[in-house]
1. Most exposed first by the Cβ proxy, i.e. fewest other Cβ within 10 Å, how do 399, 343 rank?
2. Sticking with the crude label model, points 7 Å out along Cα→Cβ, report the distance from residue 424 to residue 193 in nm, one decimal please.
3. Give me the one-decimal nm value for the distance between modelled label points at residue 457 and residue 100, 7 Å along each residue's Cα-to-Cβ direction.
4. For region 86-125, what value does the Rg/Rh ratio take when both radii are computed over Cα atoms and Rh is the Kirkwood radius, given to two decimals?
5. Starting from a Cα-only point model with no solvent, please compute log10 I(q)/I(0) by Debye for region 336-459 at q = 0.10, 0.14, 0.17 1/Å.
6. Between residue 282 and residue 379, 0.36 nm times their residue separation minus their Cα-Cα distance comes to what?
7. What spacing in nm lies between the two simple spin-label points modelled at residue 443 and residue 182, each 7 Å away from Cα in the Cβ direction?
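Read-outs: derived from the displayed coordinates by stated rules, not from any lab. Owing to the predicted nature of the structure, the values given are computational and were not obtained by experimental measurement. Ideal geometry is used to build each Cβ from the backbone, glycine not excepted, and the neighbour counts take in all protein chains shown.
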């Protein structure tokens, strides 16, 4: 089995490689040297950086009878960055209020208008009893906001007025403001440079130069693409079915053996392809038993990116999840950009049941897909919705799940379902189906019916 070739280069990930559904593929056999790194170039050549700035009081706001103080930073020049977010000490605290930021574009001196930052991000996290949540490293955080190349920033955080039932007129009256969480900090993330271009060197094909961390992350996909590949190539439906039948130990079209309902494997850009710095994440991979459902999210990072910048957006969110929010890795199993490109998310193998941190209470036996953007008032591009359909048709098909069907997941605790509840959900659900949240945005949520139908068609149902 080609996955075990990793052991020859000293990568100790045999336990991960031994998990089921790491499927051999004609695509892997036919891969060209274009998937390899130029000699002497390392996958960790795009490290990026984070500036963490404590917020300070901006002045009291007693208009609602409160004593709370707005916090923020006045205009200041900073090192270059492209993504912003706000964190605080206690992950169980919620930021009841508003966060607005404005930034200065690098090279022009032009300041943007005030942009809102989505404050409700605690529902994107590891389950309450998961070691990732209990690590002591996790912090409260807003959603990240992509602002593009910037070198100046101004931010204001205002507490929301709490309300109580008034004694006169039977109305609801404002009371003191909610106290803002302790330890508010502004995080400014620089994604680093783009990965070096992929292709053969002038002297001909060379072996990829990989760190041990990058090799381990790549080795868990070794049956799908060569070690160090930037892309897992697409397969036809017939090739995908043949691989799955072979993995199940049965001859194709054998008497009494039904052909599997599985969609053609889509093209997937690997972590190496989008330039993930594998030294940021925890070294070990985490897994569930199976994949029974897919939760669709939006990243809430805004729509002001070009598809050519998607790798930078991903590197920024990854760094924000790990270095700022204290997670073990990128939270989602997959990401999809506005052009319909599909990206490997959390490390551990795209065909495996990798345990993510995307839907608080329902991370086990599910996968999370983040569509890059914000879709509360903007409609998702058709290419992105179709990518969700193609991805789920393949990945859910590997585990025998019907995209149009229902399934049961046991809640690990959340604000909709108490811990231990056996909850009936759509096999393709929106984040809001498992947690009281606006995610994935009403415009994307309304497209999930179309995604389910298309996914089932790709499976041949």
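1. Working: 399 18, 343 25.
Fewest to most other Cβ atoms nearby, the residues stand as 399, 343.
2. Using points 7 Å along Cα→Cβ, the separation is 5.7 nm.
3. Between residue 457 and residue 100, the simple spin-label model gives 4.4 nm.
4. Details: Rg = 13.7 Å, Rh = 12.2 Å.
Reported Rg/Rh, Kirkwood definition of Rh: 1.12.
5. -0.29, -0.58, -0.88
6. Values: separation 97, 0.36 × 97 = 34.92 nm, distance 3.53 nm.
Separation in residues times 0.36 nm, less the Cα-Cα distance, equals 31.4 nm.
7. Inter-label distance under the simple model: 4.0 nm.
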